[in-house]
Amino acid sequence: MTYGTNRVDYYLKDNCILSANVKHWENYIAALRASNTVTIYKKEYVVNKVNMVHDPSNILLKVSVEPLRVYD
């Protein structure tokens with residue numbers, strides 16, 4: 001049985017700001033669960049929601065983010 005690519009898409013509101021294929025899927029999921037923030041293009045975001053969509057050939061994670069607000 002051959003598997004397709006596993007992909008993750010990061011959305012800020014309705015705009016996809018990053019889409020990437022993930023090779024080491026289990027490690028990626030573990031790291032995403034361990035942290036509530038991600039850094040994309042040198043900007044930090046808070047993870048709001050993670051949806052997993054899958055079919056027999058691939059898995060897609062749709063991750064909703066919002067900018068991290070730092071308070072002084």
**Request:** For every helix of n ≥ 4 consecutive DSSP H residues, a contribution of -39,500 (n - 2.57) applies; sum these over the chain, divide by its total residues, and give [θ] at 222 nm rounded to the nearest 500 deg cm²/dmol.
**Result:** -4000 deg cm²/dmol
**Fill in**
Given [x] 3, 14, 19, 18, 13, 11, 8, 6, 4, 3, 1, 0; [y] 3, 15, 26, 26, 15, 8, 4, 2, 1, 0, 0; [z] 3, 17, 28, 25, 12, 6, 4, 3, 1, 0 as possible values of P(r) over Cα pairs in 5 Å bins from 0, in percent, the one from the coordinates is [y]
**Asked** So what is the accessible area of the chain per residue, in Å², with the probe set to 1.4 Å?
**Response** 80 Å²
**Message:** Accessible area of the chain with a 1.4 Å probe: how many percent of it is carbon plus sulfur?
**Reply:** 51 percent
**Request:** Extending each Cα 7 Å along its Cβ direction at Glu66 and Arg7, get the distance between those two points in nm, one decimal.
**Result:** 2.7 nm
**Request:** Starting from the Cα-Cα distance between Val53 and Ser35, subtract it from 0.36 nm times their residue separation and give me the gain in nm to one decimal.
**Result:** 4.4 nm
**Item:** Fluctuation leader among Tyr45, Tyr28, Tyr11 - the chain, Gaussian network, Cα springs under 10 angstrom
**Value:** Tyr28
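The values are calculated or read from the model by the stated rules, or taken from the named source; none is laboratory data. Just so it is clear, the structure is predicted and the values come from calculations on it, not from any experiment. Note that each Cβ is placed from the backbone with ideal geometry, even for glycine, and that neighbours are counted across all protein chains shown. Remember, those area values only see protein heavy atoms, side chains included, never the ligands or the DNA or RNA. Shrake-Rupley method; radii C 1.70, N 1.55, O 1.52, S 1.80 Å.
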